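The structure under discussion appears below in the form of structure tokens.
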Amino acid sequence: WLTFQGCPFRGHDESPGSLNRGNFLEMLKLLASYNKEVNEVVLENAPKNAKYTSPDVQKEILSILAQKVQKSIREEIGNSKFCIMVDEARDESKKEQMAIVLRFVNKEGLIKERFLDLIHVSDTTALTLKESICAILSANGLSIQDIRGQGYDGASNMRGEWNGLKALILNECPYAYYIYCMAHQLQLALVAASREVDEVHNFFQHANFIINVVSASPKRNDELLANQAEEIAREIELGELDTGRGANQISSLQRPGDTRWSSHYKSILSLKKMFGATFLFLRSIANDRSVLKYSRGDASGALRIIVTFDFVFILLLMEKIMKITDVLCQTLQKKNIDILNAMDSVSTTKVLLGELQNNGWEPLLEEVKLFCGKHEIDIPDLSK
């Protein structure tokens, strides 16, 4: 049960006198309360050196379960050809861990993706990764000659033409065609495009600064949520918001992530939704003499940014653009997506962006003016 739920086994203090000895031992204690034999044989009368509850035994149980899962995956693959998908990441202990996923067609003709193994690698050079992959495949009775596709990100150690992991695998099996993750390509393209436009780049820098100021402590976050609740109640009273089950939920500002560009869209949506509450909160911090001077300075700086026409304009513009690109981001990460549907989604996205570019100026400008009017932000004379 603990394994399938992804729960940790070990506890901070597993001594007999501890109030919480960890999930494994506490689960065993619970089972013993319902089963007399478990209580007597395992917990009470078993010799101290043969209780089979030590950390080594727990790891061995996990290892046996993992081997059974891998055996089941191997039987499911049978004699089929398969693709490998590999990525590496650093865990909490600063160790590089490489995840290996197999993609294949089962006997019923259905595409399946199975997580095969997670292995620690000493470094992320292409040769080390290749040797680790070969070792895992061999241990599970799979041959590198049966690989018909490889999918990695665009790092040089992965997709390098001569010495990358892709090239090393292709030397062993010429049929292992390399597919560069389309969702990852889109992420990088959006990041690069945004960095090319100074105003957009500065907008995300400023938005990140505002979110950091507002969410600097749990106390500030609570104050922001209280402001949001008051704002929602006021807008409902004025008839500006619809009511209903699940509508108008209280939520926090979302921080954008470095590698997931779709997280920027969520960040923009949260900032737009909580714009009024954020403005009131920053103003109260900037004017509160009981707050430390540098905190007041940060709040004043954030306040000057958020009440500018330029900031609002880019906020609403990027919301419209990223509403379109986020659909493509999510589509490209679906398990059942194929190359034809992927390319169709790319074409549709281009058409929608083209329509926004050609016909979206007047509606966008009108929306920006309404937004500025609602929040009492000065609108410059655009005719000049």
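The values are calculated or read from the model by the stated rules, or taken from the named source; none is laboratory data. Since this is a predicted model, take the numbers as computed values, not measurements. Here the Cβ is made from the backbone with ideal geometry for all residues, glycine too, and neighbour counts use every protein chain on show. Side chains are part of the model used for accessible areas, which takes the heavy atoms of the whole protein and leaves out ligands, DNA and RNA. Shrake-Rupley method; radii C 1.70, N 1.55, O 1.52, S 1.80 Å.
Being outside the structural domain of K166 (by the TED database) and either closer than 18 Å to A167 by Cα or open to solvent by 40 Å² or more (accessible area, probe 1.4 Å) (or both) narrows it down to one of K95, K68, so name that one.
Within the list K95, K68, the selection yields K68.
Among the residues of region 292-334, how many are modelled with pLDDT under 90, over 24 Å from the mean Cα position of the chain (by Cα) and outside any helix (DSSP H, G or I)?
So the answer is 1.
In region 44-58, is there at least one residue being farther than 22 Å from D13 by Cα and either of a type in the set (S, T, Y) or outside the structural domain of A139 (by the TED database) (or both)?
Yes, the conditions are met somewhere in region 44-58.
Just need a number here: residues in region 103-118 that are buried (at least 16 other Cβ atoms within 10 Å of the Cβ) and touching a residue at least 40 places away in the same chain (Cβ under 8 Å).
Counting residues in region 103-118 that are buried (at least 16 other Cβ atoms within 10 Å of the Cβ) and touching a residue at least 40 places away in the same chain (Cβ under 8 Å) gives 4.
When you check S284 against the structure, is it open to solvent by less than 30 Å² (accessible area, probe 1.4 Å), modelled with pLDDT of 85 or more and within 21 Å of H375 (Cα to Cα), yes or no?
no
Name the pairs: first residue in region 352-375 and within 11 Å of V312 (Cα to Cα), second residue open to solvent by 70 Å² or more (accessible area, probe 1.4 Å), Cβ to Cβ under 7 Å, at least 6 apart or on different chains?
From residues that are within 11 Å of V312 (Cα to Cα), the pairs are K369/I379; C372/I379.
From (1) open to solvent by 40 Å² or more (accessible area, probe 1.4 Å); (2) under 30 Å from A155 (Cβ atoms); (3) without any contact (Cβ under 8 Å) to a residue 60 or more places away in the chain, pick out the condition that doesn't hold for V121.
Answer for V121: the failing condition is (1).
Report the residue count in region 251-272 for those that are closer than 20 Å to T308 by Cα, at pLDDT 85 or above and touching a helix residue (DSSP H, G or I) at 6+ places or on another chain (Cβ under 8 Å).
Going through region 251-272 one residue at a time, the tally reaches 5.
Among I337, I379, which is surrounded by 11 or more Cβ atoms within 10 Å (Cβ to Cβ), in contact with a helix residue (DSSP H, G or I) (Cβ under 6 Å, 6 or more places away or on another chain), modelled with pLDDT under 95 and outside any helix (DSSP H, G or I)?
Going through I337, I379 in turn, the sole match is I379.
Answer with yes or no whether R304 is closer than 21 Å to P218 by Cβ and basic (K, R).
No.
Give the residue, chosen from Y294, Y265, that is touching an Asp or Glu at 6+ places or on another chain (Cβ under 8 Å) and over 24 Å from R234 (Cα atoms).
Criteria check complete, one pass: Y265.
Could you list, in sequence order, all residues of region 4-26 that are open to solvent by 60 Å² or more (accessible area, probe 1.4 Å) and touching a residue at least 24 places away in the same chain (Cβ under 8 Å)?
Selection gives R10 alone.
Of the conditions (1) closer than 13 Å to V86 by Cβ; (2) surrounded by fewer than 16 Cβ atoms within 10 Å (Cβ to Cβ); (3) polar (S, T, N, Q), S156 fails just one. Which one is it?
Looking at each condition in turn, S156 falls short on (1).
How about region 27-71: which of its residues are without any contact (Cβ under 8 Å) to a residue 24 or more places away in the chain and either outside any helix (DSSP H, G or I) or of a type in the set (S, T, N, Q) (or both)?
Within region 27-71, S33, N35, N39, N45, A46, P47, N49, K51, Y52, S54, S63, Q67 qualify.
Taking region 341-376, which residues are farther than 17 Å from D310 by Cα, part of a helix (DSSP H, G or I) and open to solvent by less than 40 Å² (accessible area, probe 1.4 Å)?
A342, S345, V346, T349, G354
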